[in-house]
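The values are calculated or read from the model by the stated rules, or taken from the named source; none is laboratory data. These numbers come from a predicted model, not from an experiment. Positions of Cβ are backbone-derived with ideal geometry, glycine not excepted, and every protein chain shown enters the neighbour counts. Each accessible area value is taken on the protein alone, full model and side chains, heavy atoms only, with ligands, DNA and RNA left out. Shrake-Rupley method; radii C 1.70, N 1.55, O 1.52, S 1.80 Å.
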Amino acid sequence: MTIILIEKYGKKILELSGEIDMNASPVLRKELMTLVKKGVTPLVIDFNNVSYIDSSGIATFVEGLKGMMAFGGKLKLAALPSAVKEIFSFSKLDRVFEIYGSIDDAINS
Amino acid sequence: MEEAIKVDSLVTHYGERQILKNISFTVLRGQTTVILGGSGCGKSTLLKHLIGLLQPTSGKILINDNNIAGMREEEMNEVRKKMGVLFQGAALLNSMTLADNVALPLREHTKLEESTIQIMVRMKLDLVGLSGFEHFYPSQLSGGMKKRAGLARAMALDPDFLFFDEPSAGLDPVTAAGLDQLILKLRNVFKVTIVVVTHELPSLFMIADHVIMLDMGEIIFAGTLDELQISEHPRVRMFLERKPEAEEYSPEDYFKFIAGD
């Protein structure tokens, strides 16, 4: 998995690509929680090039959202491939996370 | 559909006795394959070979194209990380809470932070309907709950394969049906390749995509449920129609046997 932090229209976007599995999740957690602790909000996560997410990845975003909510920040998930979205939907987390069809939708929301 | 497991010409012995007699079959990815057969037919022995607990006398067992027959233990441990197993007795560690039982493989085999592990443990327990039971010990649970907890632990590392050894054994019909529903859910949502060893017909008809029937260490049927139901093999018919074995001895032979003649 690769992680790139970019900025678009003044909003921070974490671009992810590859598989978010048990090897990748600790690295992702470190990046995500660093941004959360800095109070970066809104933080948009670009899932466009994510091919797979396992339960460790989901747990990492749960932890990230919990950290954001503690100070009223916003974590926005965008451009989820259908297989990834299915995992969020199955666990009913699609009703908890803010999920957007595209990066632009997430930025403009 | 892609092959996930391929067993080729598998032969195994316990001592001098041949248990599995030149068995070959395929398990397709994302399907639930039920290994069916009466007591002592060799189905649990076959399962132990599939998870690398027993080594065959000869033959190949390909898991994701890797032959695990004769594989070194260190390599086998890597393969096992992608396997979840629910043993008959659930095999929970009685000295640990459910949360610690489920967390154990995550702590042993990953570098995940404890905070991530705790969230995953709650996800896995919720998946099997045991939310709120994190701090319970196995001795405080019913048989069905123990099986569910065992399944939560089997799912801890998000395995590609799940193996079940007689999942319904010792459960009432309603609890057994609940476990069958859970097996279906895991296949449908997580696309896990599932192998279930059972002799329970209601479970078979609820969960199986593909059936392999063993008798005396040989495959006597391999096919779909529909094909099984119209099979004319006499041993298949006996099993499906719950017909008892024919008397082993005539009264005269029995008398001779117990009289010691």
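Would you pick out the residues in region A:1-20 that are assigned to a loop (DSSP other than H, G, I, E, B) and either surrounded by 16 or more Cβ atoms within 10 Å (Cβ to Cβ) or in contact (Cβ under 8 Å) with a residue 60 or more places away in the chain (or both)?
Residues of region A:1-20 that are assigned to a loop (DSSP other than H, G, I, E, B), as a first pass: A:1, A:9-10.
Once the filter is applied, which keeps residues that are assigned to a loop (DSSP other than H, G, I, E, B) and either surrounded by 16 or more Cβ atoms within 10 Å (Cβ to Cβ) or in contact (Cβ under 8 Å) with a residue 60 or more places away in the chain (or both), region A:1-20 yields A:MET1, A:TYR9.
Is one or more of the residues making up region B:164-182 within 14 Å of chain A (Cβ to nearest Cβ), surrounded by fewer than 22 Cβ atoms within 10 Å (Cβ to Cβ) and closer than 17 Å to A:SER91 by Cβ?
yes
Could you count how many residues in region B:15-40 are open to solvent by 10 Å² or more (accessible area, probe 1.4 Å) and touching a residue at least 12 places away in the same chain (Cβ under 8 Å)?
13
Kindly list, by first and then second residue, each pair from a residue in region B:144-161 that is more than 14 Å from chain A (Cβ to nearest Cβ) to a residue that is open to solvent by less than 30 Å² (accessible area, probe 1.4 Å) and polar (S, T, N, Q), limited to pairs with Cβ atoms under 6 Å and residues at least 6 apart or on different chains.
B:PHE161/B:THR193
Among the numbered criteria (1) modelled with pLDDT of 95 or more; (2) polar (S, T, N, Q); (3) over 26 Å from B:THR110 (Cβ atoms), which one does A:SER82 miss?
All conditions are met except number (1).
Among the numbered criteria (1) without any contact (Cβ under 8 Å) to a residue 24 or more places away in the chain; (2) more than 14 Å from chain B (Cβ to nearest Cβ), which one does A:ASN23 miss?
Only one criterion in (1) without any contact (Cβ under 8 Å) to a residue 24 or more places away in the chain; (2) more than 14 Å from chain B (Cβ to nearest Cβ) is unmet by A:ASN23, namely (2).
Quick one: which helices (runs of 4 or more DSSP H) sit completely within region B:85-192 and have at least 2 residues that are modelled with pLDDT under 90, of a type in the set (A, V, I, L, M) and farther than 18 Å from B:VAL34 by Cα?
Correct list: B:173-190.
Which members of region B:119-163 meet the condition of being β-branched (Val, Ile, Thr) and open to solvent by 10 Å² or more (accessible area, probe 1.4 Å)?
B:ILE119
Residue check, B:VAL195 against (1) modelled with pLDDT of 90 or more; (2) not in a strand (DSSP E or B), all met but one. Which one?
(2)
Take region B:219-245 and flag every residue that is closer than 17 Å to B:CYS41 by Cβ, open to solvent by 80 Å² or more (accessible area, probe 1.4 Å) and not charged (D, E, K, R).
B:PRO234, B:PRO244, listed by residue number.
Do you know which residues across region B:50-84 are open to solvent by less than 30 Å² (accessible area, probe 1.4 Å) and assigned to a helix (DSSP H, G or I)?
If the condition is that a residue be open to solvent by less than 30 Å² (accessible area, probe 1.4 Å) and assigned to a helix (DSSP H, G or I), then B:LEU50, B:MET76, B:VAL79 are the ones that fit.
Quick check on region B:85-94. Is at least one of its residues away from chain A (no Cβ under 12 Å), among the small types (Gly, Ala, Ser) and open to solvent by 60 Å² or more (accessible area, probe 1.4 Å)?
Yes, region B:85-94 has at least one match.
Checking the structure you have, find out if any residue of region B:101-119 is within 18 Å of the chain's Cα centre (by Cα) and of a type outside the set (Lys, Arg).
no
Could you figure out which of (1) within 14 Å of chain A (Cβ to nearest Cβ); (2) closer than 21 Å to B:THR45 by Cα isn't true of B:VAL189?
Result: B:VAL189 fails condition (2) only.
Counting residues that are surrounded by fewer than 16 Cβ atoms within 10 Å (Cβ to Cβ), which strands (runs of 3 or more DSSP E) fully inside region A:29-109 reach at least 3? Steps first, answer last, please.
Details: elements: A:43-53, A:75-78, A:98-100.
Where strands (runs of 3 or more DSSP E) fall fully within region A:29-109 and carry at least 3 residues being surrounded by fewer than 16 Cβ atoms within 10 Å (Cβ to Cβ), they are A:43-53.
Could you please tell me which pairs satisfy a Cβ distance under 6 Å, a separation of 6+ or placement on different chains, a first residue in region B:163-185 that is free of Cβ contacts under 8 Å to residues at least 40 places away in the same chain, and a second residue that is buried (at least 20 other Cβ atoms within 10 Å of the Cβ) and among the β-branched types (Val, Ile, Thr)?
Close Cβ pairs (under 6 Å, with a partner that is buried (at least 20 other Cβ atoms within 10 Å of the Cβ) and among the β-branched types (Val, Ile, Thr)) amount to B:ASP180/B:ILE207.
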